[in-house]
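Novice: Mind looking over this structure? Questions follow.
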Amino acid sequence: MDQPSTNQMSTNDTSSQRPRQYLRVIDAARYCCFSKSAFDKKRLVGDGPPFIKVGNRVIYSIEDLDAWLARHRVRSTSQPRYEPG
């Protein structure tokens, strides 16, 4: 599986801080093992991870994606489904 491309953006130019990494929608969907259309729908209904809207572009923080995936971790199929909120 191809590694998603990341865009490194920094909120300031301090070299001691690690730049945050962001993914475009298609790469974020792949990172989370979803299709782009499924990810678009999750964003539309509010069931997806937090996102950032810059102009007409949507990007996702890798940190936010990891946290969203972690909240959906279960140990058995009998566990209740995660409910946002």
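FYI, it's all coordinate maths here, none of it is from the lab. This is a predicted model, so every value here is computed, not measured. Positions of Cβ are generated from backbone atoms using ideal geometry, with glycine treated the same way; all protein chains shown enter the neighbour counts.
Novice: What number does the stretch 21-71 give for Rg over Rh if you use C-alpha atoms and the Kirkwood radius? Intermediate values should be presented prior to the final figure.
Specialist: Working: Rg = 9.8 Å, Rh = 10.7 Å.
Radius of gyration over Kirkwood radius for the stretch 21-71 works out to 0.91.
Novice: What does the extension gain come out to for Asp47 and Glu63, with contour length at 0.36 nm per residue minus their alpha carbon separation? Present the calculation step by step, with values, prior to reporting the outcome.
Specialist: Numbers: separation 16, 0.36 × 16 = 5.76 nm, distance 1.71 nm.
Difference between extended and current length: 4.0 nm.
Novice: Which of the peptides 26-37, 61-72 is most tightly packed, and how do the rest follow, going by the mean number of other Cβ atoms within 10 Å of each residue? Show your work: numbers first, answer last.
Specialist: Values: 26-37: 16.6, 61-72: 14.4.
Those peptides, ordered most packed to least, come out 26-37, 61-72.
Novice: Extending each Cα 7 Å along its Cβ direction at Arg75 and Cys33, get the distance between those two points in nm, one decimal.
Specialist: 1.9
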